[in-house]
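J.: First, the structure itself, so that you have it in front of you.
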Amino acid sequence: MRVLVYSDDAATREKVRLAIGRRPAVDVPFVEVVECATQPKCVQYLDSGEIDVAVLDGEARPAGGMGVARQAKDEVYDCPPILLIVARRDDRWLATWSRADAVIGQPIDPVALADAVAGLMRQRLASRGSLTTR
């Protein structure tokens, strides 16, 4: 499965990539992580239909992950499940507004992130009618 990681911060992208690893849980397929640092590239990936799960940084600049998530949910056909990373506990209501499927806070807890991504992978597989692992 292809997991998109969007953040303008290379360190954040690396933390997410390392937390996901090759396979975030034994009952989900192996992961190919696709990274991007700009909103136009993120939208391009989401529009391609080749992304299975997206992890978006709510603090990305100049376009934050919340706005990108909202846009994707409004505009992308068969939009993949989205995990939003927020910096402040009070931002969780904004994540709800953005229609993110899952939310985690900063600092990134690798176990919580991997669990959340695995859950979204299961959701995506179930929506496509095939819950098999490779």
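The values are calculated or read from the model by the stated rules, or taken from the named source; none is laboratory data. Computed from a predicted model, the values in this text were never measured in an experiment. We place every Cβ from the backbone using ideal geometry, glycine too, and count neighbours over all the protein chains shown. Note: accessible area is taken over every heavy atom of the protein model, side chains too, but ligands, DNA and RNA are not part of it. Shrake-Rupley method; radii C 1.70, N 1.55, O 1.52, S 1.80 Å.
J.: Restricting things to Cα coordinates, could you compute the convex hull volume per residue of the range 1-70 in Å³?
T.: Here the figure is 78 Å³ per residue.
J.: Evaluate 2.2 N^0.38 Å with N set to the residue count of the chain, then give the Cα radius of gyration divided by it.
T.: 0.94
J.: Something else now. Report the residue, chosen from Leu94, Leu84, Leu46, that carries the largest GNM mean-square fluctuation when the chain is represented by alpha-carbon nodes joined by springs under 10 Å.
T.: Leu94
J.: What number, rounded to the nearest 500 deg cm²/dmol, is the helix-based mean residue ellipticity at 222 nm of the chain, given -39500 (n - 2.57) per DSSP H run of at least four residues and division by all its residues?
T.: Result for the chain: -12500 deg cm²/dmol, rounded to the nearest 500.
J.: With unit charges on the beta carbon (Lys/Arg positive, Asp/Glu negative), name the residue among Ala87, Val111, Gln39 whose Cα is farthest towards the positive pole of the charge dipole of the chain.
T.: In the chain, that residue is Val111.
J.: So, with a 1.4 angstrom probe, what is the percent of accessible area on the chain that is carbon and sulfur?
T.: Ligands and nucleic acids excluded, carbon and sulfur reach 51 percent.
J.: To the nearest 0.05, what FRET efficiency results for Lys41 and Gln123 with a Förster distance of 25 Å applied to their C-beta separation?
T.: 0.55
J.: Going highest first, how would you order 63-73, 23-33 by mean Cβ packing within 10 Å?
T.: 63-73, 23-33
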